[in-house]
Amino acid sequence: MLKAALLCAAVLLSIAARAEETAPATAKEDNSMQADPGKPATLQAPPKGVDEESVKSRSASITETKARGDAPDPASDDPYLWLEEVEGAKPLEWARTRNADAKAKIAEDDGFRTLEAELLAVLDSDARIPMVEKIGAHYYNFWKDKAHARGIWRRTTPAEYAKAKPEWETLVDLDALNAAEDENWVWHGVDCLKPKEASEPYERCLVALSRGGADADVTREFDLGTKSWVQDGFFRKEAKGGLGWIDRDHVYVFTDFGAGSMTESGYPRIVKSWRRGTDIDTARVVYEGTGEDMYIAARRDHARGFERDFVSRTIAFYNDELYLRGKDGKLVKVDAPNSANKSSHRDWLTLQLREPYAAGGKTYAAGSLLVTNLDDFMAGKRDFSVVFAPSETTSLEAYVWTRSHLVLNVLDDVRNRLDVASHGPDGWKVAPMQNAPELDSLDVITY
């Protein structure tokens, strides 16, 4: 148990120390207590690491204080109410002091430095397998090691990737960018615009960068052809939110537009459509949530022949609404349970249930994965195929689409197995994946 605790501590302290070595002094001072970034989700779910109860508690506290029109009462029954001022000088200093105390105590252990060195050797090793994403004709990878503490975004060809030591082409070097701009940028992800035709190359990407790993970030437009930032391209200033491609000259933008544009949880309340070359203040409103919502966002599904636009309204954790946006701009709700995980792929709608769901004269168990034709569902039909139903020993850990199949990662007595759901003339059929490795733990990634 002690070794496990030291392992976690060593990883965190090693990463923190590496970050401090590369951060400008001003950035370290301003961002030492910023939240860890959350991986952008397809429908922009709230960032990871945000506790639902704390968000609700903070929102309730803010709402009550606003209603009274005064500041929090220091004589309140809660002696730590002053910590609610998350960017205040006193709370930040309190947190810095305790972080320093914890770091000093952990580092006193005799085995800490040895373990730290072993972990850094693993994290910096060139023998690690680069995880890639296929974008057009290239494999893309974000890589960090001792020489690239903040990381590099790079690409290679499939032929090169198959070699023992591939040749990589660097697109964005964050350490060099930080030195040139006297910044402390941390990679927050990238969204590349899918070309209209399969024969056309990918050209433009939206890159999200945060200062010191903060939840708030900026978005810049990047040109894959010139390997440079687009002059006067799409740019979103620092705030919680994001940009998402509609087409080459239009994006969805959900961000801080000014007073009243954010929810009480601190995330975007409004999503707009923004045209290239115009001021962001002229962007057209697509949807407005309420101040009590958690997060509002929009996205376009760029699957060729199945292009659709969606707006998501996250009310709370595991409580969201999904809307289909028509060409006329009107929104139609995808009338599925708020608690279900709703997603689309080509002409299919999938619902992963967290609660029992009664529809079409049937009741489907919590934990099930349902598939139906999206157009039929929007027309009122409730004809589902159950591609997974839980049992006493099984649960669905994850699922991922290929072009024509649905791969299910099933936990059976806490061991992973892979099943494949395929659609044919007789509907959906599920069978074990052929030649799948027999491992206790595994995952599936599609390109």
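Only the coordinates and a few stated rules stand behind these numbers; no lab work does. The model shown is predicted, which means the values in this text are computed figures rather than measured ones. Here Cβ is always computed from backbone atoms with ideal geometry, including for glycine, and neighbour counts include all displayed protein chains.
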Inset, instruction - Highest first, please rank the peptides 363-374, 300-311 by the mean number of other Cβ atoms sitting within 10 Å of their residues. - result: 363-374, 300-311
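For every other residue with a beta carbon closer than 12 angstrom to the beta carbon of Glu167, add +1 if it is Lys or Arg and -1 if Asp or Glu, then tell me the sum. Show your work: numbers first, answer last.
Details: positive: Arg154, Arg155, Lys163, Lys165; negative: Glu160, Glu169.
Here the charged neighbours net out to +2.
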Inset, instruction - Mind giving me the nanometre distance, one decimal, between the label points for Lys333 and Glu200, set 7 Å out from Cα along Cα→Cβ? - result: 3.7
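With a cut-off of at most 15 other beta carbons within 10 Å, and DSSP calling the residue loop, which GluC sites (Glu not before Pro) in segment 361-447 qualify? Please list them.
Working: sites: Glu392, Glu397, Glu438; in loops: Glu392, Glu438.
The qualifying sites are Glu392, Glu438.
If you take every residue apart from Met433 with its C-beta less than 12 Å away from the C-beta of Met433, what net charge results, scoring Lys and Arg +1 and Asp and Glu -1? Working shown, then result.
On the way: positive: Arg417; negative: Asp419, Glu438.
Taking every Cβ under 12 Å from that of Met433, the sum is -1.
How big is segment 215-364 by the Kirkwood estimate over distinct Cα pairs, in Å? Mind showing how you got there, number by number?
On the way: mean 1/r = 0.0596 Å⁻¹.
16.8 Å is the Kirkwood radius here.
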Inset, instruction - Collect residues whose amide H, placed 1.01 Å from N in the peptide plane, falls under 5 Å from the amide H of Asn184; neighbours closer than 5 in sequence don't count. - result: Gly212
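Out of segment 152-217, which trypsin sites (Lys or Arg not before Pro) are coil in DSSP terms and have no more than 10 other C-beta atoms within 10 Å?
Numbers: sites: Arg154, Arg155, Lys163, Lys196, Arg204, Arg211; in loops: Lys163, Lys196.
In loop regions of segment 152-217 (DSSP not H, G, I, E or B), the sparsely surrounded trypsin sites (Lys or Arg not before Pro) are Lys163.
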Inset, instruction - Please work out the Cα center distance from segment 77-144 to segment 374-447, rounded to the nearest Å. - result: 35
Legend entry - Whole-Hz couplings from phi, Karplus 6.51/-1.76/1.60, listed for segment 187-196; x for Gly and Pro: 5, 10, x, 9, 10, 9, 6, 6, x, 5
Inset, instruction - Above 19 angstrom, tally the Cα pairs of segment 261-336 and express them as a % of all pairs, no decimals. - result: 40
Legend entry - Rg [Å, one decimal], Dmax [Å, integer] - segment 72-184, C-alpha atoms: 21.7, 67
Inset, instruction - Any chance you could check the Cα centroid distance between segment 278-342 and segment 171-223 for me, in angstrom? - result: 24
Inset, instruction - Report Rg (one decimal) and Dmax (nearest whole number) for segment 295-337, counting Cα atoms only, units Å. - result: 11.0, 33
